[in-house]
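Notes follow once the structure below has been shown.
Since every read-out is calculated from the coordinates, none of them should be taken as a lab result. This is a predicted model, so every value here is computed, not measured. Using ideal geometry, Cβ is built from the backbone for each residue, glycine included, and neighbour counts are taken over all protein chains shown.
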Amino acid sequence: MTDAVVFDHVGKVFPTRDSSFAALDDISFTVPEGSVTGVVGTSGAGKSTLIRMVNGLETPSSGTVTVHGQQPASLSTSELRELRRKVAMVFQSVNLLETKTVAENVATPLKLTKTPKSEIERRTAEVLELVGLTDRAQHKPRQLSGGQRQRVGIARALVTDPTMLLCDEPTSALDPITTSQILDLLRNINEELGVTILIITHQIDVIARLADNVAVLSEGRLVESGPVAKVFANPQHELTQKFVDTVIPPELDAAAREALSRALVKNSEV
């Protein structure tokens, strides 16, 4: 399996009034093509900074980020624009245009690139069907639930036919039932369309439900990474242990933890 994304000794330093702040320090891991890879960590761990490097919204201060063989930090404006058509983003805050219909919101990326009207209509209809919102096409955002609004955001990201979705805390504002529905949708997108997904979250249960692989960040450093089932069965870092203990009772013995971790996660090949 080839790698869709390679983080190679990535660092990011932001200047402050008196000094500087290292948001990321020597991060190295890969996102396999066609996988769902999760990045989990507490607030301020550097997750959002990391994911924004994949589509060039942030650039590394050191190291490299390679996406489908290209380094976003080295691309021209036009090349970066083309990359972002293939590497789409789903945000925590959907930011829909409240005066536009669902269909018009979904079609926005295609309209910005002057795509022919017939193609816009075809693609919009396809992705609305995929996310289960065909009957809401002419509704305004104010008429939608939180979960439906997030589905619109996912449809808008898919309308350019991307090969990768970057998901920035897509379920953090949703109730548990709606979260489960959105995770099922993302898994279906991955399995049916072959879209690589890189998702960042502070919710370890999201990783358990959706991801094949996980990277754990703490204070800007990568403290653990690997297949989810292996990490859950035998966490090596204190933070990972704390995350896992929220979904697997810590009093279980090693064999029971491994069995439960296999049952909890999607990919149980340890």
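Quick check: convex hull over the Cα atoms of the stretch 39-144, volume per residue in Å³, rounded to an integer? Walk me through the numbers before you get to the answer.
Details: hull volume 16.0 nm³, N = 106.
Each residue corresponds to 151 Å³ of Cα convex hull volume.
What's the angle, to the nearest 10 degrees (0 to 90), between helix 254-264's Cα axis and the longest principal axis of the chain?
It works out to around 0 degrees.
Round to the nearest 0.05 the FRET efficiency obtained for S93 and T246 when R0 = 25 Å and r is the Cβ-Cβ distance.
On the way: r = 25 Å, r/R0 = 1.00.
Efficiency, rounded to the nearest 0.05: 0.50.
If I take all pairs of Cα atoms in the stretch 81-140, what percentage of them are more than 18 Å from each other? All intermediate terms of the calculation are to be shown ahead of the outcome.
Values: 672 of 1770 pairs.
The calculated P(r) of the stretch 81-140 puts 38 percent of pairs beyond 18 Å.
For the chain, report the translational diffusion coefficient in µm²/s to the nearest whole number, using Stokes-Einstein at 10 °C, 1.306 mPa s, and a Kirkwood Rh over Cα pairs. Present the calculation step by step, with values, prior to reporting the outcome.
Working: Rh = 19.4 Å.
For the chosen part, D equals 82 µm²/s.
Once amide H atoms are placed 1.01 Å from N in the peptide plane, what residues at a sequence separation of 5 or more from V214, or on another chain, have their amide H within under 5 Å of its amide H?
Long-range HN contacts for V214: G38, G226, V228.
Choose one answer from F29, F232, F14: the residue with the largest mean-square fluctuation in a GNM of the chain with alpha-carbon springs under 10 Å.
Highest fluctuation among the options: F14.
Using alpha carbons only, how many degrees (0 to 90, rounded to 10) separate the axis of helix 176-193 from the longest principal axis of the chain?
The angle comes out near 80 degrees.
Within the stretch 3-264, how many Lys pairs sit with Cα atoms under 25 Å apart, leaving out pairs fewer than 8 places apart on the same chain?
Taking the stretch 3-264 as the scope, the lysine pair count is 17.
Hey, with R₀ at 51 Å, roughly what FRET efficiency would H139 and D18 work out to, going by the Cβ-Cβ distance, to 0.05?
On the way: r = 50 Å, r/R0 = 0.98.
So the FRET efficiency works out to roughly 0.50.
How compact and how long is the stretch 120-195, expressed as Rg and Dmax of its alpha-carbon atoms in Å?
Final numbers for Rg and Dmax: 12.0, 33 Å.
Determine one quarter of the surface area of the Cα convex hull of the stretch 76-230, which equals its mean projected area, and express it in nm² to one decimal.
Numbers: hull surface 41.5 nm².
Spelled out: convex hull of the Cα atoms, projected over all directions, averaged, 10.4 nm².
Running a GNM on the chain with Cα contacts under 10 Å, which residue among M89, M53, M164 ends up with the highest mean-square fluctuation?
Comparing M89, M53, M164 in a Gaussian network model of the chain, the most mobile one is M53.
Extension gain E238-I177, at 0.36 nm per residue separation less the Cα-Cα distance, in nm?
Numbers: separation 61, 0.36 × 61 = 21.96 nm, distance 2.94 nm.
Difference between extended and current length: 19.0 nm.
In whole Hz and in residue order, list the ³J(HN,Hα) couplings for the stretch 30-41 that follow from phi through the Karplus curve 6.51 cos²θ - 1.76 cosθ + 1.60, θ = phi - 60°; x for Gly and Pro.
10, 10, x, 4, x, 8, 10, 10, x, 10, 10, x
When the Cα centres of the stretch 119-190 and the stretch 1-41 are compared, how far apart do they sit, in Å?
26 Å
Report the far tail of the P(r) of the stretch 15-68, meaning the percent of Cα-Cα pairs longer than 13 Å.
In whole percent, the long-distance tail amounts to 67.
With a cut-off of 8 Å between alpha carbons and a minimum separation of six or more residues, what is the relative contact order of the chain in percent?
On the way: 503 pairs, mean separation 62.8, N = 270.
Computed over the chain, the figure is 23 percent.
Relative to the present Cα-Cα distance, how much length would full extension add between T42 and T77 at 0.36 nm per residue of separation? Mind showing how you got there, number by number?
Numbers: separation 35, 0.36 × 35 = 12.60 nm, distance 3.30 nm.
Between T42 and T77, full extension yields 9.3 nm more.
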